[in-house]
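Note sheet for the following structure.
The values are calculated or read from the model by the stated rules, or taken from the named source; none is laboratory data. Keep in mind that this is a model prediction, so the values were computed, not measured. Every residue, glycine as well, gets a Cβ built from its backbone with ideal geometry; the counts of neighbours run over all protein chains shown.
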Amino acid sequence: MVLNARALRRLSPAEAEKIRGKKSRQDIYLILEDVLDTYNIGGFFRLADAVGAKAVYLCGACATPPNHRIVKASVGTYQLVPWQYFSDSLEAIRELKTLGVSIFAVEQTKTARDYRRADYVGPVAFLFGNESYGLGDEALEAVDGCVEIPMYGFNKSLNVMVAAGIVLYEALNRFHSFPVRRSILARLLPCRRWRA
(Lines give C-alpha, C1' and ligand atoms only; values in the text may rest on other atoms or scores of the structure.)
Protein backbone atom coordinates (compact mmCIF):
# COMPACT_ATOMS: atom_id res chain seq x y z
CA MET A 1 0.00 0.00 0.00
CA VAL A 2 1.37 3.38 -1.03
CA LEU A 3 -0.44 6.60 -0.15
CA ASN A 4 -0.10 10.02 -1.75
CA ALA A 5 0.18 13.25 0.26
CA ARG A 6 -3.58 13.90 0.20
CA ALA A 7 -4.39 10.44 1.56
CA LEU A 8 -1.67 10.70 4.22
CA ARG A 9 -2.94 14.07 5.41
CA ARG A 10 -6.48 12.67 5.78
CA LEU A 11 -5.39 9.52 7.57
CA SER A 12 -7.25 9.10 10.85
CA PRO A 13 -5.45 7.67 13.89
CA ALA A 14 -7.55 4.48 13.60
CA GLU A 15 -6.62 4.05 9.93
CA ALA A 16 -2.96 4.72 10.69
CA GLU A 17 -3.02 2.06 13.41
CA LYS A 18 -4.46 -0.48 10.94
CA ILE A 19 -1.84 0.08 8.23
CA ARG A 20 1.24 0.84 10.38
CA GLY A 21 2.48 -2.75 10.43
CA LYS A 22 1.83 -3.51 6.76
CA LYS A 23 5.27 -2.36 5.57
CA SER A 24 8.50 -4.01 6.60
CA ARG A 25 11.00 -1.75 8.31
CA GLN A 26 14.73 -1.39 7.72
CA ASP A 27 17.31 -1.73 10.51
CA ILE A 28 17.67 2.06 10.65
CA TYR A 29 16.87 4.40 13.54
CA LEU A 30 16.96 8.20 13.73
CA ILE A 31 17.87 10.09 16.89
CA LEU A 32 17.28 13.84 16.98
CA GLU A 33 19.04 15.87 19.67
CA ASP A 34 17.66 19.34 20.33
CA VAL A 35 16.43 19.85 16.76
CA LEU A 36 14.41 23.02 17.25
CA ASP A 37 12.83 23.61 13.85
CA THR A 38 9.48 21.83 13.95
CA TYR A 39 9.32 21.74 10.14
CA ASN A 40 12.63 19.84 10.18
CA ILE A 41 11.21 17.41 12.74
CA GLY A 42 8.17 16.84 10.52
CA GLY A 43 10.51 16.35 7.58
CA PHE A 44 12.42 13.72 9.57
CA PHE A 45 9.20 11.75 9.99
CA ARG A 46 8.59 11.91 6.26
CA LEU A 47 12.18 10.82 5.55
CA ALA A 48 11.98 8.05 8.17
CA ASP A 49 8.87 6.73 6.45
CA ALA A 50 10.53 6.96 3.03
CA VAL A 51 13.51 4.84 4.10
CA GLY A 52 11.37 2.50 6.20
CA ALA A 53 13.15 3.39 9.46
CA LYS A 54 12.16 1.41 12.54
CA ALA A 55 11.79 4.45 14.78
CA VAL A 56 12.48 8.12 15.40
CA TYR A 57 13.77 9.17 18.82
CA LEU A 58 13.06 12.80 19.71
CA CYS A 59 15.36 14.04 22.46
CA GLY A 60 15.86 17.11 24.62
CA ALA A 61 14.39 20.33 23.23
CA CYS A 62 12.67 18.61 20.27
CA ALA A 63 8.96 19.30 19.96
CA THR A 64 6.75 16.24 19.56
CA PRO A 65 3.59 15.41 17.65
CA PRO A 66 0.82 16.57 17.53
CA ASN A 67 2.60 19.95 17.17
CA HIS A 68 0.76 21.43 14.17
CA ARG A 69 3.98 22.25 12.26
CA ILE A 70 5.28 18.70 12.71
CA VAL A 71 1.92 17.34 11.56
CA LYS A 72 1.94 19.61 8.50
CA ALA A 73 5.56 18.96 7.47
CA SER A 74 5.32 15.22 8.06
CA VAL A 75 2.33 14.96 5.69
CA GLY A 76 0.76 12.56 8.18
CA THR A 77 3.72 10.17 8.40
CA TYR A 78 4.19 10.96 12.10
CA GLN A 79 1.29 8.53 12.60
CA LEU A 80 3.00 5.73 10.67
CA VAL A 81 6.58 5.85 11.99
CA PRO A 82 7.05 4.66 15.56
CA TRP A 83 8.54 7.40 17.73
CA GLN A 84 9.52 8.00 21.31
CA TYR A 85 10.58 11.02 23.37
CA PHE A 86 13.62 10.99 25.68
CA SER A 87 14.72 13.83 27.94
CA ASP A 88 18.21 13.58 26.43
CA SER A 89 19.89 11.71 23.62
CA LEU A 90 22.09 9.66 25.98
CA GLU A 91 19.00 7.76 27.12
CA ALA A 92 18.10 6.92 23.52
CA ILE A 93 21.69 5.94 22.75
CA ARG A 94 21.83 3.62 25.79
CA GLU A 95 18.53 1.98 24.84
CA LEU A 96 19.61 1.35 21.26
CA LYS A 97 22.98 -0.02 22.33
CA THR A 98 21.22 -2.63 24.48
CA LEU A 99 19.54 -3.76 21.23
CA GLY A 100 22.92 -4.13 19.48
CA VAL A 101 22.49 -1.04 17.30
CA SER A 102 25.60 0.77 16.01
CA ILE A 103 25.25 4.52 16.36
CA PHE A 104 26.82 7.13 14.09
CA ALA A 105 26.69 10.85 14.73
CA VAL A 106 26.31 12.95 11.60
CA GLU A 107 28.61 15.76 12.64
CA GLN A 108 31.76 17.52 11.54
CA THR A 109 34.47 16.53 13.99
CA LYS A 110 38.23 15.94 13.81
CA THR A 111 37.63 12.19 13.77
CA ALA A 112 34.62 12.12 11.41
CA ARG A 113 34.86 9.85 8.36
CA ASP A 114 33.41 10.59 4.96
CA TYR A 115 29.86 9.18 5.09
CA ARG A 116 30.62 7.15 1.93
CA ARG A 117 33.50 5.34 3.63
CA ALA A 118 31.87 4.39 6.93
CA ASP A 119 31.01 0.80 7.77
CA TYR A 120 27.22 0.72 8.04
CA VAL A 121 26.27 -2.74 9.19
CA GLY A 122 22.71 -2.97 10.37
CA PRO A 123 21.12 -2.35 12.68
CA VAL A 124 22.32 1.25 12.66
CA ALA A 125 21.17 4.54 14.15
CA PHE A 126 22.07 8.05 13.03
CA LEU A 127 22.23 10.91 15.50
CA PHE A 128 21.41 14.41 14.21
CA GLY A 129 21.86 17.58 16.22
CA ASN A 130 20.78 21.14 16.62
CA GLU A 131 20.77 23.18 13.43
CA SER A 132 23.02 25.94 14.85
CA TYR A 133 25.16 24.25 17.49
CA GLY A 134 25.42 20.63 16.41
CA LEU A 135 25.66 17.79 18.89
CA GLY A 136 26.74 17.93 22.51
CA ASP A 137 30.09 16.51 23.62
CA GLU A 138 28.51 13.80 25.79
CA ALA A 139 26.50 12.45 22.88
CA LEU A 140 29.56 12.50 20.63
CA GLU A 141 31.52 10.48 23.19
CA ALA A 142 28.72 7.91 23.48
CA VAL A 143 28.39 7.04 19.77
CA ASP A 144 30.36 4.43 17.83
CA GLY A 145 31.64 6.92 15.26
CA CYS A 146 31.06 10.18 13.41
CA VAL A 147 30.39 10.68 9.72
CA GLU A 148 30.34 13.86 7.71
CA ILE A 149 29.42 15.02 4.23
CA PRO A 150 32.29 16.74 2.40
CA MET A 151 31.64 20.40 1.67
CA TYR A 152 33.29 22.00 -1.37
CA GLY A 153 31.94 25.55 -1.23
CA PHE A 154 32.08 28.40 1.25
CA ASN A 155 29.20 27.12 3.40
CA LYS A 156 30.33 24.92 6.29
CA SER A 157 27.29 22.66 6.44
CA LEU A 158 24.00 21.53 4.93
CA ASN A 159 20.51 21.79 6.36
CA VAL A 160 20.07 18.90 8.81
CA MET A 161 17.26 17.39 6.72
CA VAL A 162 19.30 17.48 3.52
CA ALA A 163 22.25 15.87 5.31
CA ALA A 164 19.96 13.21 6.75
CA GLY A 165 18.57 12.29 3.34
CA ILE A 166 22.04 11.90 1.87
CA VAL A 167 23.36 9.76 4.72
CA LEU A 168 20.26 7.59 5.11
CA TYR A 169 20.06 6.68 1.45
CA GLU A 170 23.77 5.81 1.46
CA ALA A 171 23.09 3.48 4.39
CA LEU A 172 20.22 1.88 2.45
CA ASN A 173 22.56 1.42 -0.49
CA ARG A 174 24.86 -0.56 1.79
CA PHE A 175 22.02 -2.73 3.09
CA HIS A 176 20.60 -3.52 -0.35
CA SER A 177 21.76 -3.95 -3.88
CA PHE A 178 20.10 -1.68 -6.43
CA PRO A 179 21.49 -2.99 -9.74
CA VAL A 180 18.76 -1.42 -11.90
CA ARG A 181 19.32 2.04 -10.53
CA ARG A 182 23.09 1.74 -10.85
CA SER A 183 22.89 0.51 -14.44
CA ILE A 184 20.59 3.40 -15.36
CA LEU A 185 23.03 5.89 -13.86
CA ALA A 186 25.91 4.22 -15.66
CA ARG A 187 24.11 4.66 -18.99
CA LEU A 188 23.19 8.27 -18.26
CA LEU A 189 26.69 9.27 -17.17
CA PRO A 190 29.01 6.92 -19.07
CA CYS A 191 31.94 9.27 -19.63
CA ARG A 192 31.76 11.58 -16.63
CA ARG A 193 33.90 10.85 -13.58
CA TRP A 194 32.94 12.58 -10.35
CA ARG A 195 35.60 13.47 -7.83
CA ALA A 196 35.03 12.80 -4.18
Worksheet item: Does region 162-178 contain any residue that is under 17 Å from the mean Cα position of the chain (by Cα) and over 21 Å from Asp49 (Cβ atoms)?
Response: no
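Out of all the residues in region 127-134, is one or more in a loop (DSSP other than H, G, I, E, B), touching a strand residue (DSSP E or B) at 6+ places or on another chain (Cβ under 8 Å) and more than 19 Å from Gly52 (Cβ to Cβ)?
For region 127-134, residues in a loop (DSSP other than H, G, I, E, B), touching a strand residue (DSSP E or B) at 6+ places or on another chain (Cβ under 8 Å) and more than 19 Å from Gly52 (Cβ to Cβ): present.
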Worksheet entry | Filter result for the condition that a residue is aromatic (Phe, Trp, Tyr), assigned to a loop (DSSP other than H, G, I, E, B) and touching a residue at least 24 places away in the same chain (Cβ under 8 Å), over Tyr120, Tyr78, Tyr57 | Tyr120
Worksheet item: Tyr120 fails exactly one of the following numbered conditions: (1) over 22 Å from Gly43 (Cα atoms); (2) surrounded by 15 or more Cβ atoms within 10 Å (Cβ to Cβ); (3) over 14 Å from the mean Cα position of the chain (by Cα). What is the number of that condition?
Response: (3)
Discussion item. I need the full set of residues from region 81-97 which are surrounded by 20 or more Cβ atoms within 10 Å (Cβ to Cβ) and either β-branched (Val, Ile, Thr) or free of Cβ contacts under 8 Å to residues at least 24 places away in the same chain (or both), in order please.
Written reply: Val81, Ile93
Fill in: Long-range neighbours under 7 Å by Cβ, at least six apart or interchain, first residue under 22 Å from Arg116 (Cβ atoms) and free of Cβ contacts under 8 Å to residues at least 60 places away in the same chain within region 137-154, second among the aromatic types (Phe, Trp, Tyr) and surrounded by 10 or more Cβ atoms within 10 Å (Cβ to Cβ)
Val143/Phe104; Asp144/Phe104; Gly145/Phe104; Cys146/Phe104; Val147/Phe104; Val147/Tyr115; Glu148/Tyr115; Ile149/Tyr115
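Answer yes if at least one residue in region 98-109 is on the phi > 0 side of the Ramachandran plot, free of Cβ contacts under 8 Å to residues at least 24 places away in the same chain and surrounded by fewer than 16 Cβ atoms within 10 Å (Cβ to Cβ), and no otherwise. Reasoning before the result, please.
We begin by selecting, within region 98-109, every residue on the phi > 0 side of the Ramachandran plot; these are 100.
Of the ones still in play, those that are also free of Cβ contacts under 8 Å to residues at least 24 places away in the same chain are 100.
Adding the requirement that they be surrounded by fewer than 16 Cβ atoms within 10 Å (Cβ to Cβ) leaves 100.
Yes, because at least one residue in region 98-109 is on the phi > 0 side of the Ramachandran plot, free of Cβ contacts under 8 Å to residues at least 24 places away in the same chain and surrounded by fewer than 16 Cβ atoms within 10 Å (Cβ to Cβ).
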Worksheet item: Quick one: is Arg182 in a helix (DSSP H, G or I), modelled with pLDDT under 90 and within 24 Å of Ser89 (Cβ to Cβ)?
Response: no
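From Ala125, Ala63, grab the single residue that is touching a Leu at 6+ places or on another chain (Cβ under 6 Å) and at pLDDT 95 or above.
Sole residue among the options that is touching a Leu at 6+ places or on another chain (Cβ under 6 Å) and at pLDDT 95 or above: Ala125.
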Practice prompt. Considering each of Tyr29, Tyr39 in turn, give the residue that is in contact with a strand residue (DSSP E or B) (Cβ under 8 Å, 6 or more places away or on another chain) and not in a loop (DSSP other than H, G, I, E, B).
Written response: Tyr29
